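Where a number appears in this text, it was derived from the coordinates with a stated rule and is not lab data. Values in this document were obtained by computation on a predicted structure and should not be read as measured data. Neighbour counts are summed over all protein chains in view; Cβ atoms, including those assigned to glycine, are modelled from backbone coordinates with ideal geometry.
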Amino acid sequence: MIKILPIDEPGFLQAVIRMILVGDSDIKLLPSLGYDSFSIETIEQLQPDLITIAIEEANRGVADIIKRVMDYSPLPIILHSESDVDKQSRFLKSLEYGAVDYFGWPTFQNTIKIGKSHEMFLEKIHYWGSRGLPAYYKQSNNLLDVAKLNNSGLESIKTDHKPYDLIVIGVSTGGVGVLSSLLKSIGDVHAPIVVALQMDDSVSTPLIEQLSEETGKNIKVGVTGQVIKDDSITFIPASVDGVLKKNCSNQLVFNTIFQPGITVHPSINQLFVSAASQAENPVGVLLSGHGDDGIKGSLAFTEEGFTVLVQDPESCLVNEMTSAVVKANAEAQNLSVAQIAAYLGSSR
């Protein structure tokens, strides 16, 4: 039985969500709390397995609640909101403070879409509620202070001083907060970055918008035929795959494709394999995620003598993907996120 503590305010959407949760025989829904009535004493008393927080426009304390929970006794926290309103733009900071996931609901007027979305929401609830946070997870890993990594520590991980011409990043479940912190920490890297983020539009769209605003970087969703510029960060669109190819002017061009036999999109393997075949000196980065996507791509990199940086599995919220790559590819460098940020920033 999964005990869920909802933090929200009365409303139509919250009523629908409660009906969805109450209707699941494997879930025990605890009495909901308002934002102002939250306390650590309530957590001690109710001992929930998971907390859900509705992001409301009037509430500015979501990040504070998450920090207090994570400081007291880390629990899985899932954020949710209507997916087409401004309130979701604040979810990114909350993910950086330790929330594990975010879910964007259709507008409350569209009850048909809400009905179709409830299975995906329940899937997240069951996964995190039954799994909990791994023993090795530390929320502080999401908050980087690259300046504290001294020069000697950086020198010990640098193996190639030749400037790279491309950075490709693969990230899935549990890696959104780390990805945002990484991109904000590396400064001005004079090489294009292409990201395969295995999340739906309700996460990737506000993430791109907020990162673009907070970093001042040129961050966009890739379109077929787009030339990849040196100062750009390109996200592969959700639910498709992205590959790179040189044009007649020797420029890297982004293209979207869809491979029916692949179950998870965007495919990290396809992105990495294309990068290894087309770029002169790329570097690949693999962060938190499910499954084993990334093994084939990382091997394609090392076979060409290119660098692969893997987030230390012991610091990942979900370490299946990074553990699989480390096990399969002895040449991959197993680093903390702060070391990865310092490595990427060292070739400016």
log10 of Debye I(q)/I(0), alpha-carbon scatterers only, for the range 260-348 at 0.16, 0.17, 0.20, 0.23 Å⁻¹: -0.59, -0.66, -0.91, -1.17
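Shape verdict for the range 141-345, please, from the Cα gyration tensor: rounded (a/c under 1.5), prolate (a/b greater than b/c) or oblate.
Numbers: a/c = 1.20, a/b = 1.20, b/c = 1.00.
Rounded.
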Descending packing, highest mean Cβ count within 10 Å first, for 222-234, 170-182, 273-285 is 170-182, 273-285, 222-234
Above-threshold pairs, the threshold being 31 Å between Cα atoms, out of Lys217/Lys246; Lys3/Lys67; Lys67/Lys217; Lys3/Lys217; Lys28/Lys220; Lys162/Lys245: Lys3/Lys217; Lys28/Lys220
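Give the peptides 36-46, 327-337, 186-196 in descending order of average Cβ contacts within 10 Å, highest first. Display every interim value, and only then the final one.
On the way: 36-46: 12.4, 327-337: 16.9, 186-196: 20.5.
For the peptides 36-46, 327-337, 186-196, the packing ranking is 186-196, 327-337, 36-46.
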